[in-house]
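Worksheet: one structure, shown below.
The values are calculated or read from the model by the stated rules, or taken from the named source; none is laboratory data. Values in this document were obtained by computation on a predicted structure and should not be read as measured data. Note that each Cβ is placed from the backbone with ideal geometry, even for glycine, and that neighbours are counted across all protein chains shown.
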Ligand code: NAP
Ligand code: GLV
(Lines give C-alpha, C1' and ligand atoms only; values in the text may rest on other atoms or scores of the structure.)
(Ligands and ions follow the chains in the order given, each with its own letter.)
Protein backbone atom coordinates (compact mmCIF):
# COMPACT_ATOMS: atom_id res chain seq x y z
CA UNK A 1 0.00 0.00 0.00
CA UNK A 2 1.23 3.48 -0.83
CA UNK A 3 1.98 5.65 2.19
CA UNK A 4 -0.68 8.20 3.09
CA UNK A 5 0.56 11.76 3.57
CA UNK A 6 -0.96 15.15 4.28
CA UNK A 7 0.65 18.22 2.70
CA UNK A 8 -0.52 21.25 4.64
CA UNK A 9 -0.26 23.80 1.77
CA UNK A 10 0.03 23.89 -1.98
CA UNK A 11 3.80 23.81 -2.50
CA UNK A 12 5.77 24.14 -5.77
CA UNK A 13 5.10 21.36 -8.31
CA UNK A 14 8.75 20.29 -8.22
CA UNK A 15 8.13 18.90 -4.73
CA UNK A 16 4.47 17.93 -5.13
CA UNK A 17 5.23 15.74 -8.16
CA UNK A 18 7.83 13.76 -6.21
CA UNK A 19 5.37 13.26 -3.36
CA UNK A 20 2.55 12.16 -5.67
CA UNK A 21 4.83 9.62 -7.41
CA UNK A 22 5.66 7.95 -4.09
CA UNK A 23 2.63 8.54 -1.88
CA UNK A 24 -1.10 8.82 -1.66
CA UNK A 25 -1.16 12.58 -1.00
CA UNK A 26 -3.88 14.86 0.28
CA UNK A 27 -2.94 18.50 -0.32
CA UNK A 28 -4.69 21.24 1.69
CA UNK A 29 -6.04 23.48 -1.10
CA UNK A 30 -6.54 26.82 0.66
CA UNK A 31 -4.32 29.90 0.85
CA UNK A 32 -4.81 29.97 4.62
CA UNK A 33 -3.23 27.09 6.58
CA UNK A 34 -5.40 24.20 7.79
CA UNK A 35 -7.11 24.79 11.15
CA UNK A 36 -5.37 23.21 14.14
CA UNK A 37 -8.35 20.93 14.85
CA UNK A 38 -8.25 19.56 11.32
CA UNK A 39 -4.52 18.78 11.66
CA UNK A 40 -5.29 17.05 14.97
CA UNK A 41 -7.62 14.69 13.10
CA UNK A 42 -5.33 14.20 10.08
CA UNK A 43 -2.28 13.11 12.06
CA UNK A 44 -4.25 10.20 13.55
CA UNK A 45 -4.32 8.28 10.27
CA UNK A 46 -1.44 9.44 8.06
CA UNK A 47 2.09 8.06 7.58
CA UNK A 48 3.71 11.44 7.01
CA UNK A 49 3.00 15.15 7.37
CA UNK A 50 4.52 17.95 5.30
CA UNK A 51 4.17 21.09 7.39
CA UNK A 52 5.01 24.77 7.03
CA UNK A 53 6.04 27.31 9.64
CA UNK A 54 2.38 28.33 10.03
CA UNK A 55 1.33 24.94 11.42
CA UNK A 56 1.33 24.64 15.21
CA UNK A 57 2.88 21.24 15.86
CA UNK A 58 2.80 21.30 19.66
CA UNK A 59 2.99 18.51 22.25
CA UNK A 60 -0.78 18.04 22.10
CA UNK A 61 -0.69 17.53 18.33
CA UNK A 62 2.27 15.16 18.59
CA UNK A 63 0.37 13.18 21.25
CA UNK A 64 -2.51 12.83 18.77
CA UNK A 65 -0.30 11.29 16.07
CA UNK A 66 -1.33 7.76 15.19
CA UNK A 67 1.04 4.79 15.31
CA UNK A 68 1.59 5.08 11.54
CA UNK A 69 3.05 8.57 11.60
CA UNK A 70 6.74 8.20 10.75
CA UNK A 71 7.87 11.70 9.79
CA UNK A 72 7.11 15.41 9.98
CA UNK A 73 8.81 17.22 7.13
CA UNK A 74 8.82 20.98 7.46
CA UNK A 75 9.29 23.18 4.39
CA UNK A 76 11.52 25.78 6.09
CA UNK A 77 14.81 25.85 7.95
CA UNK A 78 13.25 27.30 11.13
CA UNK A 79 11.19 24.81 13.14
CA UNK A 80 10.21 26.85 16.21
CA UNK A 81 6.56 25.95 15.50
CA UNK A 82 7.34 22.30 16.28
CA UNK A 83 7.78 20.76 19.72
CA UNK A 84 10.87 18.76 18.75
CA UNK A 85 11.27 17.22 22.20
CA UNK A 86 7.73 15.84 22.11
CA UNK A 87 8.43 14.45 18.61
CA UNK A 88 11.69 12.90 19.76
CA UNK A 89 9.94 11.24 22.70
CA UNK A 90 7.60 9.62 20.15
CA UNK A 91 10.57 8.76 17.84
CA UNK A 92 9.12 10.91 15.07
CA UNK A 93 11.94 12.46 13.03
CA UNK A 94 11.60 16.09 11.93
CA UNK A 95 12.94 17.20 8.55
CA UNK A 96 13.77 20.78 7.55
CA UNK A 97 15.29 22.64 4.58
CA UNK A 98 18.62 24.25 5.56
CA UNK A 99 21.12 25.70 3.09
CA UNK A 100 19.00 26.01 -0.05
CA UNK A 101 17.44 29.25 1.23
CA UNK A 102 20.61 30.78 2.67
CA UNK A 103 21.43 33.05 -0.28
CA UNK A 104 17.84 34.17 -0.88
CA UNK A 105 17.40 35.10 2.78
CA UNK A 106 20.76 36.86 2.95
CA UNK A 107 19.83 38.79 -0.21
CA UNK A 108 16.59 39.93 1.44
CA UNK A 109 18.41 40.95 4.64
CA UNK A 110 20.79 43.02 2.56
CA UNK A 111 17.96 44.47 0.49
CA UNK A 112 16.30 45.61 3.74
CA UNK A 113 19.59 47.04 5.00
CA UNK A 114 20.04 49.08 1.82
CA UNK A 115 16.38 50.11 1.71
CA UNK A 116 16.48 51.35 5.30
CA UNK A 117 19.83 53.14 5.08
CA UNK A 118 19.00 54.88 1.79
CA UNK A 119 15.34 55.49 2.67
CA UNK A 120 14.02 53.78 -0.47
CA UNK A 121 10.44 53.30 0.73
CA UNK A 122 10.25 56.90 1.97
CA UNK A 123 11.51 58.00 -1.45
CA UNK A 124 8.77 56.07 -3.23
CA UNK A 125 6.15 57.60 -0.92
CA UNK A 126 7.67 61.06 -1.52
CA UNK A 127 6.89 60.79 -5.22
CA UNK A 128 3.48 59.19 -4.70
CA UNK A 129 2.53 62.05 -2.37
CA UNK A 130 3.51 64.68 -4.95
CA UNK A 131 6.46 66.02 -2.92
CA UNK A 132 9.15 65.62 -5.62
CA UNK A 133 9.51 69.11 -7.07
CA UNK A 134 13.25 69.38 -7.73
CA UNK A 135 16.64 67.84 -6.86
CA UNK A 136 17.07 68.83 -3.24
CA UNK A 137 20.50 69.03 -1.58
CA UNK A 138 19.01 68.24 1.82
CA UNK A 139 16.15 65.84 1.09
CA UNK A 140 16.03 62.14 2.06
CA UNK A 141 19.63 61.95 3.27
CA UNK A 142 20.58 58.49 4.49
CA UNK A 143 23.60 56.62 5.82
CA UNK A 144 26.64 55.28 3.98
CA UNK A 145 27.52 51.60 3.96
CA UNK A 146 31.24 51.79 3.23
CA UNK A 147 33.16 52.08 6.47
CA UNK A 148 30.03 51.41 8.55
CA UNK A 149 29.93 48.54 11.06
CA UNK A 150 27.53 45.66 10.51
CA UNK A 151 26.80 43.58 13.61
CA UNK A 152 25.58 40.07 12.93
CA UNK A 153 23.76 38.27 15.74
CA UNK A 154 24.05 34.53 15.02
CA UNK A 155 26.88 33.68 12.66
CA UNK A 156 25.37 30.59 11.06
CA UNK A 157 24.64 29.90 7.40
CA UNK A 158 22.58 33.04 6.76
CA UNK A 159 24.64 35.27 9.07
CA UNK A 160 27.82 34.34 7.19
CA UNK A 161 26.15 34.86 3.82
CA UNK A 162 25.13 38.37 4.91
CA UNK A 163 28.73 39.01 6.00
CA UNK A 164 29.99 37.97 2.54
CA UNK A 165 27.66 40.51 0.95
CA UNK A 166 28.75 43.23 3.40
CA UNK A 167 32.40 42.70 2.45
CA UNK A 168 31.57 43.78 -1.09
CA UNK A 169 30.27 47.04 0.36
CA UNK A 170 33.50 47.66 2.34
CA UNK A 171 31.80 47.36 5.69
CA UNK A 172 33.46 46.41 8.97
CA UNK A 173 31.82 43.18 10.13
CA UNK A 174 31.43 42.14 13.75
CA UNK A 175 29.44 39.24 15.15
CA UNK A 176 28.01 37.77 18.33
CA UNK A 177 27.69 34.00 18.17
CA UNK A 178 28.25 32.07 21.40
CA UNK A 179 29.80 28.89 19.99
CA UNK A 180 32.22 30.41 17.48
CA UNK A 181 35.88 31.06 18.23
CA UNK A 182 37.62 34.39 17.60
CA UNK A 183 40.31 32.64 15.54
CA UNK A 184 37.84 30.87 13.23
CA UNK A 185 35.82 33.98 12.45
CA UNK A 186 38.94 36.15 12.10
CA UNK A 187 39.92 33.91 9.17
CA UNK A 188 36.81 35.11 7.32
CA UNK A 189 37.43 38.74 8.24
CA UNK A 190 34.92 39.00 11.07
CA UNK A 191 35.52 40.27 14.60
CA UNK A 192 33.79 38.38 17.40
CA UNK A 193 32.35 40.68 20.09
CA UNK A 194 30.23 40.30 23.19
CA UNK A 195 26.49 40.96 22.74
CA UNK A 196 26.75 44.37 24.44
CA UNK A 197 29.85 45.42 22.48
CA UNK A 198 28.14 44.50 19.23
CA UNK A 199 25.10 46.61 20.10
CA UNK A 200 27.27 49.57 21.09
CA UNK A 201 29.55 49.52 18.03
CA UNK A 202 27.22 48.62 15.16
CA UNK A 203 25.61 50.98 12.67
CA UNK A 204 23.45 48.07 11.45
CA UNK A 205 22.43 45.10 13.57
CA UNK A 206 21.16 42.08 11.64
CA UNK A 207 19.53 39.14 13.44
CA UNK A 208 20.13 35.54 12.25
CA UNK A 209 19.48 33.32 15.28
CA UNK A 210 16.78 30.65 15.56
CA UNK A 211 13.82 31.43 17.82
CA UNK A 212 14.10 29.51 21.09
CA UNK A 213 13.87 30.12 24.83
CA UNK A 214 17.26 31.91 24.83
CA UNK A 215 16.54 34.20 21.88
CA UNK A 216 12.91 35.17 22.55
CA UNK A 217 12.92 38.95 23.29
CA UNK A 218 16.71 39.02 22.89
CA UNK A 219 16.28 42.53 21.48
CA UNK A 220 14.35 44.17 24.30
CA UNK A 221 14.26 47.72 25.67
CA UNK A 222 17.61 47.29 27.45
CA UNK A 223 19.30 45.97 24.31
CA UNK A 224 17.85 48.80 22.19
CA UNK A 225 19.14 51.36 24.73
CA UNK A 226 22.68 50.11 24.08
CA UNK A 227 22.49 50.76 20.33
CA UNK A 228 23.63 53.95 18.57
CA UNK A 229 20.91 56.60 18.03
CA UNK A 230 21.56 56.27 14.29
CA UNK A 231 21.61 52.44 14.22
CA UNK A 232 19.26 50.38 12.08
CA UNK A 233 17.92 47.01 13.22
CA UNK A 234 17.30 44.33 10.57
CA UNK A 235 15.30 41.20 11.46
CA UNK A 236 14.91 38.38 8.95
CA UNK A 237 14.97 35.62 11.61
CA UNK A 238 11.75 35.43 13.66
CA UNK A 239 9.43 38.14 15.01
CA UNK A 240 9.42 37.19 18.71
CA UNK A 241 13.21 37.69 18.93
CA UNK A 242 12.41 41.42 19.05
CA UNK A 243 10.14 43.03 21.65
CA UNK A 244 8.01 44.98 19.17
CA UNK A 245 6.53 47.39 21.71
CA UNK A 246 10.05 48.30 22.84
CA UNK A 247 11.12 48.65 19.20
CA UNK A 248 8.24 51.03 18.49
CA UNK A 249 9.16 53.21 21.47
CA UNK A 250 12.89 53.13 20.63
CA UNK A 251 12.36 54.20 17.01
CA UNK A 252 9.69 56.77 17.82
CA UNK A 253 11.81 58.43 20.51
CA UNK A 254 15.08 58.30 18.54
CA UNK A 255 16.85 55.76 20.74
CA UNK A 256 17.72 54.01 17.47
CA UNK A 257 17.56 55.30 13.90
CA UNK A 258 15.14 52.80 12.34
CA UNK A 259 14.36 49.20 11.55
CA UNK A 260 13.61 46.89 8.66
CA UNK A 261 11.73 43.67 9.32
CA UNK A 262 10.80 40.60 7.29
CA UNK A 263 9.28 38.89 10.32
CA UNK A 264 6.88 40.17 12.95
CA UNK A 265 4.99 39.05 16.03
CA UNK A 266 2.29 38.08 15.30
CA UNK A 267 2.25 37.15 11.63
CA UNK A 268 0.42 38.47 9.78
CA UNK A 269 0.85 41.90 11.29
CA UNK A 270 -2.31 43.97 11.57
CA UNK A 271 -2.47 46.83 9.04
CA UNK A 272 -3.21 49.05 12.09
CA UNK A 273 -0.02 48.07 13.90
CA UNK A 274 1.70 51.21 15.29
CA UNK A 275 5.03 50.07 13.79
CA UNK A 276 3.57 50.70 10.33
CA UNK A 277 2.94 54.35 11.22
CA UNK A 278 6.66 55.16 11.53
CA UNK A 279 8.37 56.27 8.30
CA UNK A 280 11.74 54.88 9.37
CA UNK A 281 10.45 51.32 9.79
CA UNK A 282 10.20 49.17 6.67
CA UNK A 283 8.26 45.90 6.92
CA UNK A 284 7.78 43.15 4.34
CA UNK A 285 5.62 40.01 4.78
CA UNK A 286 8.07 37.17 5.58
CA UNK A 287 9.52 36.84 2.08
CA UNK A 288 13.11 35.92 2.99
CA UNK A 289 13.13 32.69 0.98
CA UNK A 290 10.59 33.84 -1.59
CA UNK A 291 12.54 33.46 -4.83
CA UNK A 292 11.26 31.03 -7.44
CA UNK A 293 14.41 28.88 -7.52
CA UNK A 294 14.70 28.78 -3.73
CA UNK A 295 11.07 27.79 -3.13
CA UNK A 296 11.43 25.00 -5.72
CA UNK A 297 14.53 23.71 -3.95
CA UNK A 298 12.80 23.89 -0.55
CA UNK A 299 9.82 21.94 -1.91
CA UNK A 300 12.08 19.23 -3.34
CA UNK A 301 14.06 18.97 -0.11
CA UNK A 302 10.89 18.76 1.99
CA UNK A 303 9.50 16.12 -0.39
CA UNK A 304 12.70 14.07 -0.15
CA UNK A 305 12.59 14.18 3.65
CA UNK A 306 8.92 13.13 3.62
CA UNK A 307 9.44 10.27 1.17
CA UNK A 308 12.48 8.94 3.05
CA UNK A 309 10.61 9.18 6.35
CA UNK A 310 7.50 7.29 5.27
CA UNK A 311 9.78 4.57 3.86
CA UNK A 312 11.41 4.26 7.30
CA UNK A 313 14.75 5.56 5.97
CA UNK A 314 16.89 8.25 7.58
CA UNK A 315 15.99 11.75 6.41
CA UNK A 316 18.45 13.58 4.10
CA UNK A 317 18.02 16.63 6.41
CA UNK A 318 16.91 15.76 9.89
CA UNK A 319 16.66 18.29 12.72
CA UNK A 320 19.11 17.33 15.48
CA UNK A 321 17.60 17.68 18.93
P1 LIG B 1 21.97 28.32 11.44
O2 LIG B 1 22.96 28.03 10.35
O3 LIG B 1 21.65 27.25 12.41
O4 LIG B 1 22.49 29.62 12.19
C5 LIG B 1 21.95 30.08 13.38
C6 LIG B 1 23.08 30.63 14.21
O7 LIG B 1 22.51 31.24 15.36
C8 LIG B 1 24.04 29.55 14.72
O9 LIG B 1 25.25 29.63 14.03
C10 LIG B 1 24.21 29.88 16.20
O11 LIG B 1 25.52 30.27 16.52
C12 LIG B 1 23.45 31.17 16.40
N13 LIG B 1 22.79 31.19 17.69
C14 LIG B 1 21.97 30.28 18.26
N15 LIG B 1 21.55 30.73 19.46
C16 LIG B 1 22.12 31.94 19.64
C17 LIG B 1 22.07 32.92 20.68
N18 LIG B 1 21.34 32.71 21.77
N19 LIG B 1 22.78 34.05 20.52
C20 LIG B 1 23.52 34.27 19.42
N21 LIG B 1 23.63 33.38 18.41
C22 LIG B 1 22.93 32.25 18.52
O23 LIG B 1 20.58 28.78 10.81
P24 LIG B 1 20.30 29.57 9.46
O25 LIG B 1 20.08 28.61 8.36
O26 LIG B 1 21.35 30.63 9.30
O27 LIG B 1 18.88 30.23 9.82
C28 LIG B 1 18.75 31.09 10.91
C29 LIG B 1 17.29 31.45 11.17
O30 LIG B 1 16.83 32.31 10.16
C31 LIG B 1 16.31 30.26 11.13
O32 LIG B 1 16.26 29.57 12.36
C33 LIG B 1 15.00 30.92 10.78
O34 LIG B 1 14.29 31.24 11.95
C35 LIG B 1 15.41 32.20 10.07
N36 LIG B 1 15.05 32.20 8.65
C37 LIG B 1 14.15 33.12 8.20
C38 LIG B 1 13.85 33.16 6.85
C39 LIG B 1 12.86 34.16 6.33
O40 LIG B 1 12.13 33.87 5.39
N41 LIG B 1 12.84 35.37 6.87
C42 LIG B 1 14.40 32.24 5.96
C43 LIG B 1 15.31 31.33 6.47
C44 LIG B 1 15.62 31.32 7.81
P45 LIG B 1 26.64 29.30 17.10
O46 LIG B 1 27.14 28.57 15.91
O47 LIG B 1 27.60 30.25 17.69
O48 LIG B 1 25.94 28.39 18.09
C1 GLV C 1 11.67 30.70 6.87
O2 GLV C 1 11.34 31.54 7.63
C3 GLV C 1 12.47 29.56 7.22
O4 GLV C 1 12.73 29.35 8.42
O5 GLV C 1 12.85 28.81 6.30
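Here is a list of conditions, (1) surrounded by fewer than 18 Cβ atoms within 10 Å (Cβ to Cβ); (2) in a helix (DSSP H, G or I), and residue 308 meets all of them except one; can you say which number that is?
Of everything listed in (1) surrounded by fewer than 18 Cβ atoms within 10 Å (Cβ to Cβ); (2) in a helix (DSSP H, G or I), residue 308 misses just condition (1).
Looking at the range 181-191, can you tell me whether even one residue there is buried (at least 22 other Cβ atoms within 10 Å of the Cβ), within 16 Å of ligand 2 (Cβ to nearest atom) and either assigned by TED's automatic domain parsing to the domain that holds residue 145 or within 23 Å of the chain's Cα centre (by Cα) (or both)? Show your work before the answer.
Going through the range 181-191, the residues buried (at least 22 other Cβ atoms within 10 Å of the Cβ) turn out to be 190.
When the remaining residues are screened for being within 16 Å of ligand 2 (Cβ to nearest atom), the result is none.
No, the range 181-191 has no match at all.
Looking at the range 224-244, I want the residues that are in contact (Cβ under 8 Å) with a residue 60 or more places away in the chain and assigned by TED's automatic domain parsing to the domain that holds residue 144 and have a partner that is assigned to a loop (DSSP other than H, G, I, E, B) and more than 15 Å from ligand 2 (Cβ to nearest atom) with Cβ atoms under 6 Å, at least 6 apart or on another chain. Which pairs are those?
As it stands, the answer is 230/257; 232/257, since those pairs meet every condition given.
May I ask you to verify whether residue 292 is out of contact with any strand residue (DSSP E or B) (no Cβ under 6 Å at 6 or more places or on another chain) and away from ligand 1 (no atom under 14 Å from the Cβ)? It would help to see each step written out before you state the result.
On the way: out of contact with any strand residue (DSSP E or B) (no Cβ under 6 Å at 6 or more places or on another chain): yes; away from ligand 1 (no atom under 14 Å from the Cβ): yes.
Yes, satisfied.
I'd like the residue in the range 194-223 that is out of contact with any helix residue (DSSP H, G or I) (no Cβ under 8 Å at 6 or more places or on another chain) and part of a loop (DSSP other than H, G, I, E, B) and, out of all such residues, is surrounded by the fewest Cβ atoms within 10 Å (Cβ to Cβ).
Per the stated criteria, the residue is 213.
Looking at this structure, is residue 263 within 19 Å of the chain's Cα centre (by Cα) and closer than 19 Å to residue 122 by Cβ?
On the way: within 19 Å of the chain's Cα centre (by Cα): yes; closer than 19 Å to residue 122 by Cβ: no.
No; evaluated as a whole, the condition is false for this residue.
Only one of these is without any contact (Cβ under 8 Å) to a residue 60 or more places away in the chain, touching a helix residue (DSSP H, G or I) at 6+ places or on another chain (Cβ under 6 Å) and not in a loop (DSSP other than H, G, I, E, B): 106, 63. Name it. Steps first, answer last, please.
Working: 63 fails: touching a helix residue (DSSP H, G or I) at 6+ places or on another chain (Cβ under 6 Å).
When all the criteria are applied, what remains is 106.
Residues are listed down the side, and each one gets a yes or a no for (1) surrounded by fewer than 20 Cβ atoms within 10 Å (Cβ to Cβ); (2) more than 26 Å from residue 235 (Cβ to Cβ); (3) outside the structural domain of residue 57 (by TED's automatic domain parsing):
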| residue | (1), (2), (3) |
| --- | --- |
| 74 | no, no, no |
| 90 | yes, yes, no |
| 95 | no, no, no |
| 113 | no, no, yes |
| 125 | yes, no, yes |
| 150 | no, no, yes |
| 153 | no, no, yes |
| 163 | no, no, yes |
